[in-house]
Structure formats: structure tokens, C-alpha cells
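Enquirer: My questions all concern the structure below.
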């Protein structure tokens, strides 16, 4: 009985999310304290958070539409519900990531550069750019899954996208208009994804 | 009472008109197995039907009410990678908001000895027979009143196993609307209310009752027949629903061209194409 209760909690999504979140907060704090002496690039951890998130978002979106869409429909989840759940999951992930980044900035300022303001410490154009890239790349993964792109091609394209993004982030400064273009692309992709999932004819395998 | 109505659905070359009623077990048979899968994807509301399929007069496509009441499984496919019942119960509740009756799953597992068909390592891998067992147990465990099952006895060879699954899937005390795409129609002998044949000959459907019979005629039968009853025809034989008059039957019998079989025996006479 006790074991069953424990398993029930352990398999609960909210518990798992909460545990991961608390672990992340703890690790960020440890990382800042450890990196204090070596004067590491202050945005490195932010890149890591959004880089990981983009990778996970891309693969999650691709797998959802390529592998799991049909079985979800078969078991009785409608297309609209699937898309709504997907969208909510992506948004929750983004909000959690933004909170982690905000927490990191706050702790970084407090521990390392107490004299400077957050605006002086961090490039906010990049702070906007990274979440938008996460959304766009995830939505592209969603389309790749729907059009049943092959796994090898998927990873090849993913590598190209990641390389391109790394080059952009490191070597180019991000202008505000790029963020606006990205935002428009995200909105358009969101609508395209909705139309695709509603109208797509799922083939027999 | 009619729950699912199909009106003028065009699928490949077929024009389909069928009514599915409550408390009925219906089987769909087509010489091309793939067609059954495509048809099920449409009547399950997964693919669009151009406003031709209705569940209580509402289009079935992406219809939330209909989706909540039905499940569609193709037993060739693998749906579960774990047999941990607590885990499954939680997963179904959290991911799909579906009740998973683990006691029912346990009961079916014991009857069919699913563990004997399973190799457990970091994931469960089943034999082909085991996969059919698991899918059957899953179907029984989900609290859905309408079921659409394709290939329900696939990869089964032992008669008792086949009987358990055939009886379980046609159990009207548990299910309201039962639509099956049997890989082996004879497994459901006397358990169905209707059998709907997709006719290659007239590109429509032919409905037979449980007690109806079929006529197998060598080659192309002589005399005038009602083409509406021809289910299958090739160079060697013609199979038609037995709606012939006595004199027509006698004529054919005299020429020794005719064999009368149960509707459930059609698979013995037609080698169906596998996708």
C-alpha cells in the first residue's frame, strides 16, 4: 500500500516537474558560485538552458507528430486536444525556462556583479531572441513530423539549424527587427501547424 | 437504434452506405485488407469523411463526444511497452484522461498467460501472439463502449485463445457498438450480427446476417444473376450471397458448379492481399 502510494507520487507529472525545477534552481546556484572565480561568460548558462530546451522541443515536437499522433487518435484524443495539449506543454516549458533564466540573472547580479544593473549585465535582445528561436525550432519539428520526414534527414537538418544558430548567437549582434521577424514567423508557424494537424490525412502503416 | 451512420462514403472505388446499430457486433470483410484499415480510420473519426459519417447525426471527424466513447486498435500494432499496471493506470489518466481498469487487465493477463509470451528487460518485448494478447487485454481494460478492432485474432493459432478473444470482443454486456475487421472470419462463427462485405464486383457493400450463406461458383456462372449479390469474382470462381431462387439453385447444382458455404468460411476460398 505504501509502495503503491509512493509510486503514484513518483509517476505524477507535477511531482516530476517540481523535482526537476528545484534541482535546476539548486544547480544554477552552485554553478554561479563555482564559476565566480574564473570569470566565465555570463550568458553561457543561458545559452545552455535555451540550447537544451530547443533540442528537446524540436525532438518532442517531431516525435509527437511522427510517432505518437496516430496512437493518440486511436485511443480517443481528438486532433484539437492533441494540438492544444502540445501548445500548452510548449508554453509551460518556455515559462519555466524563462523563470530559470530570470532566477539566474538575479543570482548572478547579487553574487558576482552587484554594482551593475541587470540591463547593463545582459543583452536583452538575445534574451528575446533565444525563446523565440526555441518556439520556431519546435514548430518546425512539428511540421517535420507531420510530413513524415526521415529520421536521418531530420537529424541532419537539426544539426544545420543548431550550427547556424550558434554562429548567429556568437558572431552577430541581434537587432530588434530580427526579433520581430522571428515573432511573426513563430505566429505563422503556430497557425500553419494548427491547420496541418486538423487537415492532415493520416496514412495506414 | 442507429448510432453510426455512413451515407455515400466514397473510398477508392467503393461507394459505402452502412448503418451501425447499438448492441450489434459487425464484421467488415474486403478482399483487399488495406481497404478495411482505411475504412476504419475514417469511421473512427481519424481521417476526414467529407460529411458522410455521423455518430448520432454529428460528423465523426474529430468529434470529441464520439472519441470519448470509442477506441480503435489494429492488433498488428504494438501499443504498450510496459506491463506495470500502476504505471499504466497513471499514464492513461494523466496523458489521456482515460480510465484504465488494471484489475481487468490483470484478469485477462492471467487467463491468456501474457507473461509467458513476454520477455522483460528494460522494456517488455512480446512474441507476436503476446502482442495480440496485450492488445486484447488493453481493449478490455479501457472503459470504452464502442470498439473498432482490426485484425483481432492476428498471429493466433490455438483455438482456445482465439475463442477467448472472439468472445471477449463480441461481449455485448461490455460493449455497445462492436465493429471488427477480422483477419480470420471463421473465428467469429455465430458471434456476429452482421457481416458487411466490400464487393470487388459492384464496388459497393453487401450485408449478410449471421445465418446467411454464400455460394461459390466455379468460373463465371451461367444464367442471369443479380450482380448486387456478387462479393468476389476472379477467373476461377465467383462468390455471391445466397439470395438465389430455388430454380436458379437447382440449375447450378445440376451442372455441378456450385458449393454452398457459411458466410464465415469465405477466407477459405479467397486469398486476401496482405498490406
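Enquirer: More than 11 Å from chain B (Cβ to nearest Cβ) and under 30 Å from residue A:153 (Cα atoms) - does that describe any residue in the stretch A:6-20?
Expert: Within the stretch A:6-20, not a single residue is more than 11 Å from chain B (Cβ to nearest Cβ) and under 30 Å from residue A:153 (Cα atoms).
Enquirer: Checking the conditions here, which among B:22, B:8, B:47 is surrounded by fewer than 23 Cβ atoms within 10 Å (Cβ to Cβ), in the same structural domain as residue B:169 (by TED's automatic domain parsing) and in contact with a strand residue (DSSP E or B) (Cβ under 6 Å, 6 or more places away or on another chain)?
Expert: B:22
Enquirer: Right, another one. Step by step: first the residues of the stretch B:1-45, then only those that are part of a loop (DSSP other than H, G, I, E, B) and more than 17 Å from the chain's Cα centre (by Cα), then the one that is farthest from residue B:233 (Cα to Cα). Which residue is that?
Expert: B:1
Enquirer: Which of the residues that make up the stretch B:83-107 are within 11 Å of chain A (Cβ to nearest Cβ), closer than 17 Å to residue B:120 by Cα and in contact with a strand residue (DSSP E or B) (Cβ under 7 Å, 6 or more places away or on another chain)?
Expert: The one that is within 11 Å of chain A (Cβ to nearest Cβ), closer than 17 Å to residue B:120 by Cα and in contact with a strand residue (DSSP E or B) (Cβ under 7 Å, 6 or more places away or on another chain): B:88.
Enquirer: Between A:188, A:197, A:192, which is within 14 Å of another protein chain (Cβ to nearest Cβ) and closer than 21 Å to residue A:148 by Cα?
Expert: It is A:197.
Enquirer: How many residues does the stretch B:64-82 contain that are at the interface with chain A (Cβ under 7 Å from one of its Cβ atoms) and farther than 21 Å from residue B:180 by Cα?
Expert: 1
Enquirer: Among what's in the stretch B:51-61 and is surrounded by fewer than 19 Cβ atoms within 10 Å (Cβ to Cβ) and either at positive phi or facing chain A (nearest Cβ under 10 Å) (or both), pick the residue that is nearest to the chain's Cα centre (by Cα).
Expert: B:56
A quick yes/no check of all residues on (1) closer than 20 Å to residue A:132 by Cβ; (2) away from every other protein chain (no Cβ under 14 Å):
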residue: A:29; (1), (2): no, yes
residue: A:46; (1), (2): yes, yes
residue: A:52; (1), (2): yes, yes
residue: A:66; (1), (2): no, yes
residue: A:72; (1), (2): no, no
residue: A:79; (1), (2): no, no
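Enquirer: Okay, next question. Could you run through the stretch B:141-165 and say how many residues are away from chain A (no Cβ under 14 Å), crowded, with 22+ Cβ neighbours inside 10 Å and assigned to a helix (DSSP H, G or I)?
Expert: Final tally of qualifying residues: 1.
Enquirer: Do you know which of the residues in the stretch B:38-50 that are out of contact with any helix residue (DSSP H, G or I) (no Cβ under 6 Å at 6 or more places or on another chain) and at negative phi is farthest from the other protein chains (Cβ to nearest Cβ)?
Expert: B:43
Enquirer: Hey, another quick one. Just for helices (runs of 4 or more DSSP H) wholly inside the stretch A:1-96: which have at least 2 residues that are loosely packed, with under 14 Cβ neighbours inside 10 Å?
Expert: Passing ranges, in order: A:2-10, A:13-35, A:44-63.
Enquirer: Could you tell me whether residue B:201 is under 27 Å from residue B:20 (Cα atoms), in a loop (DSSP other than H, G, I, E, B) and modelled with pLDDT under 85?
Expert: Yes; evaluated as a whole, the condition is true for this residue.
The values are calculated or read from the model by the stated rules, or taken from the named source; none is laboratory data. Computed from a prediction, not measured in an experiment: that's the story for all the values here. With ideal geometry, Cβ positions are generated from the backbone for all residues, glycine too; neighbour counts draw on all protein chains shown.
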